[in-house]
Every structure is written in structure tokens, then in C-alpha cells.
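See structure below.
The values are calculated or read from the model by the stated rules, or taken from the named source; none is laboratory data. Quantities reported herein were computed from a predicted structural model and do not represent experimental measurements. Cβ placement follows ideal geometry from the backbone for every residue including glycine, while neighbour counts extend to all protein chains displayed. Quick note on the areas: whole protein, heavy atoms, side chains included, nothing else; ligands and nucleic acids left out. Shrake-Rupley method; radii C 1.70, N 1.55, O 1.52, S 1.80 Å.
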Amino acid sequence: MALALVTGASRGIGRATAILLAREGYTVAVNYHQNVQAADEVVNLIKASGGKAFTVQADVGDEAQVEAMFERLDQQQEPLTALVNNAGILFTQSRVEALSAERINRVLKTNVTGYFLCCREAVKRMTLPLGGAIVNVSSAAARLGAPFEYVDYAASKGAVDTLTTGLALEVAAQGIRVNAVRPGLIYTEMHASGGEPGRVDRAKSMLPMQRGGQPEEVAQAIVWLLSEKASYVTGSFLELAGGK
């Protein structure tokens with residue numbers, strides 16, 4: 001088959017996506033930043049089901065670490081044909097007036113610079129005739145702004161949307177497709193990082209579908225966008241936000 005890199009694959013949407021890609025026959029590079037135990041667990045689950053996977057550590061916001069990660073991928077027998085940019089961070093809920101430059105820049109480094117760096121390195125390797133596909137994990141917050149909570153995070157995802165559109169146009173003729181998903185209220189550990197682990201249950205009644213989403217539901221959309229079933233889809237956004 002081929003090789004797929006999923007950043008931030010030790011938990012949440014990244015974890016679900018890595019597991020599903022392995023079921024589809026990809027060899028999956030499970031990127032993680034700090035939690036090696038969680039990343040190893042994902043790899044072990046994949047191997048126990050007959051799939052192929054390995055861990056690769058890197059802070060995606062660090063250029064040298066990203067370059068080293070892709071150099072390790074070059075050592076694999078299979079070519080890199082799929083990238084899922086999923087690694088992301090947010091901090092405790094805050095109004096804009098209380099944000100520091102340090103916090104804003106930390107969010108942008110991981111959520112924006114990290115996506116750019118991984119896209120840059122992936123595009124260098126996704127040459128015709130194989131080509132490849134990239135899916136950027138954005139957020140419904142890019143449309144909604146996340147007022148009183150995470151405007152810095154929302155702004156970073158707005159940048160991801162622009163990257164998706166621009167890069168899709170740049171590389172379409174090279175046989176590389178670039179799309180994005182915009183999850184909404186999904187049951188992941190990220191909400192705890194924002195200081196409210198129960199945020200989905202608190203807010204789900206405001207959604208037309210009246211429920212939060214599961215990481216696996218987002219993963220299904222990502223895997224479809226990477227597949228040949230989406231062979232004529234590029235520069236597109238799939239909303240996974242329960243109708244909001």
C-alpha cells in the first residue's frame with residue numbers, strides 16, 4: 001500500500017484516524033509530541049489487528065524536528081502518500097483582552113506553523129505518478145470565532161483554512177489533493193486542556209443534532225478524503241459539527 005503520517009495521533013481524532021487508516025491498509029506513522037505511552041498504545045492496537053504502524057516523535061512547531069521526522073519516513077519502504085495534519089493545542093478559556101503574546105504565539109506555532117511545515121515536507125515527497133492527499137484538521141471555530149473561550153485557537157484554524165485553499169490550488173496539477181475537515185463539539189481530551197472537560201455535554205443542546213460527535217465520526221470523513229473515492233475533491237471543507 002503506502003505510508004500515511006498522522007500528526008498528534010496519540011489521542012482523540014488523530015488516534016481514531018490512525019487506527020482507521022491502518023484498517024484501510026496504510027502503514028501508519030503515529031506522530032506524538034510527549035506522550036510516548038499513548039502513542040505506543042495506538043501502535044500496539046493497530047498491530048494486534050494485523051495492521052502496520054510505528055511511532056515517530058516530533059514537536060510539529062519545531063522546523064528541525066519536522067525535518068528529522070520526514071527523514072525517518074524516507075527510510076520506510078513505502079512512499080508517503082497521505083498526511084493528516086491533526087496536532088493542535090489550546091489553552092484555558094479566556095477573553096481576548098486577557099490573552100498574552102506568549103500564549104497566542106504558542107498556539108500559532110503548533111496549529112499554523114506546524115501545519116505549514118508538515119505540508120511543505122509532504123509535498124516535496126508526493127510526486128507524480130503516485131501523487132498524494134493531505135487533510136488538514138481545522139475546526140468549526142474557524143467559522144464561529146469561539147468568543148469568550150478560544151479566539152486565538154479559532155484564529156489559528158482560520159489560517160489553516162486559508163492554507164488549505166491556497167495549497168490545494170498550488171499543487172493540484174502535481175496530483176496532490178488538499179482538503180480539510182471542520183469538527184465541532186467532539187468528545188476528545190482537548191476540552192480538558194481548555195479547563196472544561198465536560199464542555200461537550202454542557203453545549204450539545206445548542207446543536208441542531210442535540211449531541212456531541214465521536215472521534216471516529218471525524219476519522220471516517222478524513223479517511224474518505226484521503227481515499228480514491230474522493231479522487232476529484234480538492235480545496236474542499238467537510239463540516240462535522242452536528243449542523244451548527
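Worth pointing out:
- The stretch 25-123 - Rg (one decimal) and Dmax (whole number), Cα, Å: 15.5, 51
- The residues of the chain expose, per residue, 46 Å² of accessible area to a 1.4 Å probe.
- The long axis of helix 36-48 is offset from the longest Cα principal axis of the chain by roughly 50 degrees.
- Think of each Lys and Arg Cβ as +1 and each Asp and Glu Cβ as -1; about the Cα centre, that makes the dipole of the chain roughly 500 debye.
- Diffusion coefficient (Stokes-Einstein, Kirkwood radius over C-alpha pairs, 10 °C, 1.306 mPa s) for the stretch 137-244: 108 µm²/s, rounded to a whole number.
- In loop segments of the stretch 191-244 as defined by DSSP, there are no GluC sites (Glu not before Pro) with at most 11 further C-beta atoms inside 10 Å of their C-beta.
- Other residues whose C-beta falls under 10 angstrom from the C-beta of VAL137 contribute a net charge of +2, scoring Lys and Arg +1 and Asp and Glu -1.
- Helix 215-226 axis, angle to the chain major axis (alpha carbon atoms, nearest 10°): 40
- Annotation note: GluC sites (Glu not before Pro) in the stretch 24-126 located in DSSP loop regions with a Cβ neighbour count of at most 16 within 10 Å are GLU24.
- The share of alpha-carbon pairs in the stretch 91-198 lying farther apart than 19 Å comes to 48%.
- Partners for LYS204 among aspartates and glutamates (Cα-Cα distance below 17 Å; same-chain residues under 8 apart left out): GLU149, GLU189, GLU196, GLU217, GLU239
- Share of carbon and sulfur in the accessible area of the stretch 43-192 stands at 55%, probe radius 1.4 Å.
- Remark: the GLU228-ALA2 segment gains 80.1 nm on full extension, using 0.36 nm per residue and subtracting the alpha carbon distance.
- For the stretch 74-131, the direction-averaged projected area of the alpha-carbon convex hull comes to 5.3 nm².
- Net charge of neighbours whose Cβ lies under 15 Å from the Cβ of ASP74, counting Lys and Arg as +1 and Asp and Glu as -1: 0
- Over all Cα atoms in the chain, the spread is summed up by Rg and Dmax: 16.9, 51 Å.
- Estimated from helices alone, the mean residue ellipticity of the chain at 222 nm is -12500 deg cm²/dmol (sum of -39500 (n - 2.57) over DSSP H runs with n ≥ 4, per residue).
- Here each label is just a point 7 Å from Cα along the line to Cβ, and for GLN76 and VAL96 those points are 4.0 nm apart.
- Farthest toward positive dipole pole in the chain [+1 Lys/Arg, -1 Asp/Glu at C-beta], among TYR26, GLN214, VAL43: GLN214
- Annotation: aspartates and glutamates with alpha-carbon distance below 19 angstrom to LYS124 (same-chain offsets under eight excluded): ASP62, GLU63, GLU67, GLU71, ASP74, GLU78, GLU170.
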